[in-house]
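The values are calculated or read from the model by the stated rules, or taken from the named source; none is laboratory data. Treat the numbers as computed from the prediction; the structure is a model and nothing was measured. Cβ placement follows ideal geometry from the backbone for every residue including glycine, while neighbour counts extend to all protein chains displayed.
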Amino acid sequence: MKPKKHILPIIIIAQFACTSVWFAGNSIVNELAQVTGFGSELIGYILSSVQFGFILGTLTFALLTIADRFSPSKVFLVCAILASGCNILLLAGGISKIGLLAARFGTGFFLAGIYPIGMKIAADYYEKGLGLALGYLVGALVFGKSLPYFIKSLQWGNYESVVQATSIFTILGGLLLWLTVPDGPYRKKGKKLRLKAGPELFKIINFRKAAFGYFGHMWELYAFWGFLPFAIITFNRISGETLYVPFYTSLLIAAGGLGCIIGGYFSITHSSKKVAFLTLLISGLCCMFSPIFYHLPAYLFLTLFALWGFMVAADSPQFSSMVASAVPVDLRGTALTLVNCLGYIISILSIELISLLSKTFRAEYVFVILAIGPIFGLIHLRNHK
């Protein structure tokens, strides 16, 4: 059964709109630092708070098998409204440090009902060509994460406009999906709680290898995204250039959206595994050679970081496709949510490590440690069948 033509575009638009709140705090980190009195450590704290919230949210959703027991579109809408509400709290007058981190934590918690649920909805519609569908979907996620930086780079972009725009987009995205995308034809409703589903899933060899590959990818991904402004600032300091940080951060993150989409097309003819392996390999090499990038002309620095941004995200939908294809249909939502949960736990470790290294090591060397993730992922992905 072929899905109606509007289904995938609507899911893509909704995913793009709703995930715009993810990096809303990071894009206005300087303003938040002034309001709360945080120092330079705020970058890591803000991003880690969202990640912690997402982890607890995905763990809760996975344990309660919410994505498999309830209508995914309704779950998506409710979580979009609640994530928007938490995001708008950033505009509360005199917000405290605890209040700021709690607001970002809440945003992350309810994003657990948006990102993995969006992938679940796509899997319920696309039995064939899932790698391509998820390529578009994760590409939308990446574009959504670049949106706050883009808004900030505009002439009218400021602290309030970033928060207001992303909050409104999130509600509209949730409503759009709920109103136009019913439950998919390949959805198989779970009838009961299966608290032992996680251990059962990891007994499936292909699921385990795909999950481990994804974990290696996640060690690199969010630390790279979160500290892109730091990398551009470092390049400006070393080279004497004046690259505009919000604008180029937006472009370099958005390059990953193109990577997801183009990788999705290649997955049709070359398999998800081959696409994931190649892109993970190239992004790992970028980690290892990154110190050289800071001493190149600006156009080469931006080209290589754009290549890195393209590759660092391109494997994500292919890992998700491999995970979804390796498990029983009635556990797809739980499998995707669980793998996301564990992957984001790993991302916090690398974010905090990079935050620490940025204060103690020469700035141009801090991204080298991220190569650990791709190496780990490639080792496990190599034997995936």
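Suppose we filter 102, 33, 92 for residues that are over 30 Å from residue 261 (Cα atoms), more than 19 Å from the chain's Cα centre (by Cα) and at pLDDT 85 or above; which single one remains? Spell out how you get there, then give the answer.
Details: 33 fails: at pLDDT 85 or above; 92 fails: at pLDDT 85 or above.
Going through 102, 33, 92 in turn, just one is over 30 Å from residue 261 (Cα atoms), more than 19 Å from the chain's Cα centre (by Cα) and at pLDDT 85 or above: 102.
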Selection within segment 67-100 - in a helix (DSSP H, G or I), surrounded by fewer than 22 Cβ atoms within 10 Å (Cβ to Cβ) and among the aliphatic types (A, V, I, L, M): 78, 81, 82, 88, 89, 91, 98
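Residue-wise test of (1) closer than 22 Å to residue 204 by Cα; (2) crowded, with 20+ Cβ neighbours inside 10 Å.
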{"site": "285", "(1), (2)": "no, no"}
{"site": "292", "(1), (2)": "no, no"}
{"site": "314", "(1), (2)": "no, yes"}
{"site": "338", "(1), (2)": "yes, yes"}
Meets criteria (in contact with a helix residue (DSSP H, G or I) (Cβ under 7 Å, 6 or more places away or on another chain) and within 17 Å of residue 20 (Cα to Cα)) for residue 44: no
Yes/no for residue 313 being closer than 16 Å to residue 374 by Cα, among the aliphatic types (A, V, I, L, M) and at pLDDT below 95: yes
Qualifying helices (runs of 4 or more DSSP H) (wholly inside segment 252-367; at least 1 residues being free of Cβ contacts under 8 Å to residues at least 40 places away in the same chain): 272-293, 298-314, 332-360
The one condition in (1) under 29 Å from residue 310 (Cβ atoms); (2) among the hydroxyl-bearing types (Ser, Thr, Tyr); (3) modelled with pLDDT under 85 that residue 161 fails to fulfil: (3)
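Counting only residues that are under 23 Å from residue 281 (Cα atoms) and out of contact with any Gly (no Cβ under 6 Å at 6 or more places or on another chain), how many does segment 337-374 have?
Residues of segment 337-374 that are under 23 Å from residue 281 (Cα atoms), as a first pass: 339-340, 342-351, 353-354, 364-374.
Retained after the next criterion (residues that are out of contact with any Gly (no Cβ under 6 Å at 6 or more places or on another chain)): 339-340, 342-350, 353-354, 364-370, 372.
So the count comes out to 21.
Taking the conditions exactly as written (in a helix (DSSP H, G or I), at pLDDT 90 or above and not aromatic (Phe, Trp, Tyr)), does residue 60 satisfy them or not? Break it down stepwise before answering.
On the way: in a helix (DSSP H, G or I): yes; at pLDDT 90 or above: no; not aromatic (Phe, Trp, Tyr): yes.
Criteria not met by residue 60.
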